[in-house]
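Report on the structure given below.
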Amino acid sequence: MIKVLFICHGNICRSPMAEFVLKDMVEKRGLCDSFEIESAATSTEEIWNGKGNPVYPPARETLRRHGIGNTPYTDFSKKRARQVRPEDYEHFDLILCADAANIRNTERITGKDTEGKIRLLLSFAGSGASIADPWYTGDFEETYRDVVRGCEGLLGELAGN
């Protein structure tokens, strides 16, 4: 089983979009049993009294527009923000971040990346670029396209393509 954790700042836009895009891709390929896919935040800004906020409405709408969220495996209605934990480093095979700040902040929580698990998601698309935060840009479609490119590249690399 391949265990993937997506990371962004608040876990309400980019990382849950990546979580459910990848879940959609692996479900369509019949690979659900081969993956464990989650997402988390580096901050606690979207977590109140121990309960995380749901996926941000424009991110939910973008996923739905692309047909994601209609199966039990891709249903994001119960997804709540959570912060990355030190033990996530040992549990997950890959910890894929939306931007370089996420990498730095993840390592502050998990410790130094001694096994090369923490990477930018877009590194799988042949880029060292960050995924723009739609919280600030307002462009959820651009974020979706970048997430899809990263997830397709990830699956291609895992499949040896």
Counting pairwise Cα distances across the chain, what percent come out greater than 30 angstrom?
6 percent
What Kirkwood radius, in Å to one decimal, follows from the Cα pairs of the stretch 1-73?
12.8 Å
Positive end of the dipole of the chain, charges at C-beta (+1 Lys, Arg; -1 Asp, Glu), about the Cα centre: which of A18, G69, I103 has its Cα farthest in that direction?
G69
Short version: ³J(HN,Hα) in whole Hz for each residue of the stretch 117-134, in order, from phi by Karplus 6.51 cos²θ - 1.76 cosθ + 1.60 (θ = phi - 60°), x for Gly and Pro, what are they?
7, 8, 9, 6, 4, 6, 5, 7, 9, x, 9, x, 7, 8, 8, 4, 7, x
When the dipole is taken about the Cα centre of the stretch 66-134, and only Lys, Arg (+1) and Asp, Glu (-1) are charged at their Cβ, what size is it in debye, to the nearest 20?
220 debye
Quarter of the surface of the C-alpha convex hull for the stretch 81-146, i.e. direction-averaged projected area in nm², equals 4.9 nm²
DSSP loop (so not H, G, I, E, B), at most 14 other Cβ within 10 Å: list which GluC sites (Glu not before Pro) in the stretch 98-161 pass both filters.
E115
Let me know the charge dipole size of the stretch 118-161 about its Cα centre in debye, to the nearest 20, where only the beta-carbon of Lys, Arg (+1) and Asp, Glu (-1) is charged.
180 debye
Taking amide H atoms as placed 1.01 Å from N in the peptide plane, list the residues 5 or more away in sequence, or in a different chain, whose amide H sits under 5 Å from that of E36.
I2, K3, V4
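Among the GluC sites (Glu not before Pro) in the stretch 26-87, which ones are in a DSSP loop with at most 16 other Cβ atoms within 10 Å of the Cβ? Mind listing them? Working shown, then result.
On the way: sites: E27, E36, E38, E45, E46, E61, E87; in loops: E45, E46, E87.
Within the stretch 26-87, the qualifying GluC sites (Glu not before Pro) (loop, at most 16 other Cβ atoms within 10 Å) are E45, E87.
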What's the longest bit of the chain with no exposed trypsin sites (Lys or Arg not before Pro), using DSSP loop states and at most 14 other Cβ atoms within 10 Å as the test?
113-161
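Throughout, read-outs are computed from the coordinates displayed, never taken from laboratory work. Keep in mind that what you see is a predicted model, and the values were worked out from it rather than measured. Positions of Cβ are generated from backbone atoms using ideal geometry, with glycine treated the same way; all protein chains shown enter the neighbour counts.
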